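Structure record follows, encoded as structure tokens.
The values are calculated or read from the model by the stated rules, or taken from the named source; none is laboratory data. Computed from a prediction, not measured in an experiment: that's the story for all the values here. Neighbour counts are summed over all protein chains in view; Cβ atoms, including those assigned to glycine, are modelled from backbone coordinates with ideal geometry.
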Amino acid sequence: MSEQLFIRLGTQAESTIHWMVWSEQEQEIIASGELADKEELLSLQQRAGGRNATVFVPSSDVKLVEVEVPAKTNRQFLQAIPYMLEEDIAADVDECFFAIGTKRFDPADDCHYMQVAIVQDKKMQNWLAWLNESGIRCQQIFPDILALPSHSDALSVLQLGEQWLVRSGEFSGLTCEPQELAMWIELFAASMQAATEGETVSIHCYSPLPEGIISEHTYQIVEQDYLPAMQLLALNAVNVPLNLRQGRYQFKKDTSKHFKIWRSAAIVAGVALTINLVDKGLTVHQLEQRAEILEQKIKQTYVATFPSGKNLSVTIIQKELKRKLKQLGGTQQQVAFLPLIEASAAAFAEVPDLKPDNIRFDAKRGEIRLNASGSNFQSFEKFKAAAEKNALVIEQGSLNNQGNQVVGTISIKGVS
């Protein structure tokens, strides 16, 4: 069932508050009543059911005016409206809030008019504070008389509690006390008669008029259906041309409810994402460690073969190998050369004091020839034994003493 809470606030915190829960689907009142003051608003929180309430405020606290404007109005012109009305209001412009309504064209005087509602900031802040303290949200705040049906060149009157609502035009009227009703009807009627050249003024009554109003003056009384006051306001709320919740008092959607609904899912998703990132981070770390170990092996193998390259990076080593391969017989011989150089490097790694130099690759014979220097003759024998374990065939040339070093030539082939 689609239910809507309607509230009519008072001028003061201790003023009576009227409320009603209306069923849009059933077109009937579910519940209604009066609250003694704003302290009892909290009792309506449950009736709101988490939905936004529609709120009416006394038109005695809202000044309704129409300002003549150009056919085309821009933002700068609208911002200047408060200062255009400065002399027409009793309060300081900076202490008032100006709500802009709709613009209409009057063919009688060929002019455009902008509807403006003026209310003191303190009033707006009080009303919103009362609602907020009671946990009641509202997107719409309307001056109450604008929810009365409007009739051309006629008055509409409605009793709401101890007050009377009088609508005298499309964007005019007021809220008054019972003792003031006759005076205001007479003033509005006189103004209408002057505008219509003495025609009888009609009064559309949505509540029975007090005695004495009809006997002293001649009016055309049109009795409408006497509906409960809050029901009549609720039914006509959709036709109100101006909402006070605009500008700095514009309603801000509460996203906390939706956040709470999705918070658990977000937490689970966040934990899952964190675990996934940690897992990927560990994988990347492991790969980086493996890559680092592989780079060290590449450097060790290269340095074992080419001692002068101990400070080279892996990228430079790759470039140097390509260059040396080109010198040794071109890229067509890479397949034969690389296994030999890899196996030879492993053998040299087992004999640290034997250093290779001046390497040449004979592509036709499929062998590596190099000069080597070691600390003694046994270094060459150890290298030969290590190389043969790696499926290499070693042929040593003559060995000679040069100072404290032993130098000689070595030919390296793969086992055929």
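Assuming Ala349 fulfils every condition listed in (1) at pLDDT below 80; (2) part of a helix (DSSP H, G or I) apart from one, which condition is it?
Among (1) at pLDDT below 80; (2) part of a helix (DSSP H, G or I), Ala349 violates only (1).
Just the residues that are more than 26 Å from Leu35 (Cβ to Cβ), of a type outside the set (A, V, I, L, M) and free of Cβ contacts under 8 Å to residues at least 12 places away in the same chain, please, taken from segment 149-183.
Ser152, the sole residue that qualifies.
I'm told Asn236 meets every condition in (1) at pLDDT below 75; (2) surrounded by 13 or more Cβ atoms within 10 Å (Cβ to Cβ); (3) closer than 30 Å to Pro178 by Cα; (4) touching a helix residue (DSSP H, G or I) at 6+ places or on another chain (Cβ under 9 Å) except one. Can you identify the failing condition by its number?
Every listed condition holds for Asn236 apart from (1).
With the condition kept exactly as written, say whether any residue in segment 73-96 is at pLDDT 95 or above, out of contact with any Pro (no Cβ under 8 Å at 6 or more places or on another chain) and not assigned by the TED database to the domain that holds Phe171.
no
Which is polar (S, T, N, Q), assigned by the TED database to the domain that holds Leu244 and surrounded by 14 or more Cβ atoms within 10 Å (Cβ to Cβ), of Asn132, Asn126?
Step by step, each of Asn132, Asn126 is checked, and only Asn126 is polar (S, T, N, Q), assigned by the TED database to the domain that holds Leu244 and surrounded by 14 or more Cβ atoms within 10 Å (Cβ to Cβ).
Test Leu181 against the criterion of being in a helix (DSSP H, G or I) and touching a helix residue (DSSP H, G or I) at 6+ places or on another chain (Cβ under 6 Å), and give yes or no.
no
Return the residues of segment 121-147 that are among the aliphatic types (A, V, I, L, M), in contact (Cβ under 8 Å) with a residue 12 or more places away in the chain and part of a helix (DSSP H, G or I); say none if nothing qualifies.
Met124, Leu128, Leu131, Ile145, Leu146, Ala147
Going through segment 158-200 one residue at a time, which ones are polar (S, T, N, Q), under 20 Å from Lys63 (Cβ atoms) and touching a strand residue (DSSP E or B) at 6+ places or on another chain (Cβ under 7 Å)?
Gln163, Ser168, Ser172, Thr175
Is there a residue being in a helix (DSSP H, G or I), in contact (Cβ under 8 Å) with a residue 60 or more places away in the chain and either of a type in the set (Lys, Arg) or in contact with a Phe, Trp or Tyr (Cβ under 6 Å, 6 or more places away or on another chain) (or both) anywhere in segment 56-68?
For segment 56-68, residues in a helix (DSSP H, G or I), in contact (Cβ under 8 Å) with a residue 60 or more places away in the chain and either of a type in the set (Lys, Arg) or in contact with a Phe, Trp or Tyr (Cβ under 6 Å, 6 or more places away or on another chain) (or both): absent.
Of everything in segment 106-121, what is small (Gly, Ala, Ser) and touching a strand residue (DSSP E or B) at 6+ places or on another chain (Cβ under 6 Å)? Give them in sequence order.
Hit for segment 106-121 is Ala117, nothing else.
Among the residues of segment 215-250, what is the count of those that are assigned to a helix (DSSP H, G or I) and of a type in the set (Ser, Thr, Tyr)?
Matching residues across segment 215-250 total 2.
Taking segment 1-38, which residues are hydrophobic (A, V, I, L, M, F, W, C), over 17 Å from Gly161 (Cα atoms) and assigned to a loop (DSSP other than H, G, I, E, B)?
Met1
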